[in-house]
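Have a look at the structure below, then the notes.
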């Protein structure tokens, strides 16, 4: 026979269990937020490093120009300025076609990073991503993680064999298609299913195991999907698809 005391204990235990589950859920969400913030801080450090490098480069250019002017070599100074300007235009000629300024800036930084790491960074513009419903901050994080992952992968290849990373922006009638490709190295088949799991990394202790997990989470958050193909015929290619937003004709 169930006594009032037993019923009270049962209610208490039920309430306590619910409270415990809620607390565990809250802590898990907090832990995930901290991990994402940590990953974002690493990207901020990377950006600061790149900006510091460019500041140093521009200081060197200014010193050369000032030195030429002080020597009375004005024609040489003008010629030097033209060469620097030409180099900057060649670097940014592709990225300025992208309407989204944040994404264009991210590509420009990655192109500069690729040059520093002796990587050929190719960007194929078959779409300007006009109408992509993913916020600039999220698509920049998605692509930034995939490109950085590809850079790290090809860095183990000897320079003479060619380090190439290619990004292609494309679109069909109903979706945007974005791919990040490198020929080698390949990802073993036995770990391809684990590659998007949080905490899993092919880089050992050097990797956080968060980059590709963030890619998958953000992509699916905006109704997209991400697929991996890594074989001798294709190379290693991550393909993102995002649906195009259609107007409500009934409105």
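Laboratory data are not the source of any read-out in this text; all were calculated from the coordinates shown. Just so you know, these numbers come straight off a predicted model, no measurement behind them. Note that each Cβ is placed from the backbone with ideal geometry, even for glycine, and that neighbours are counted across all protein chains shown.
In this label model, residue 157 and residue 20 are separated by 5.3 nm, measuring between points 7 Å along each Cα→Cβ vector.
Full extension of the chain segment joining residue 29 with residue 225 gains 68.3 nm, where the gain is 0.36 nm per residue of separation less the Cα-Cα distance. Compactness of segment 97-251 is given as radius of gyration and Dmax, 15.8, 59 Å, from Cα positions.
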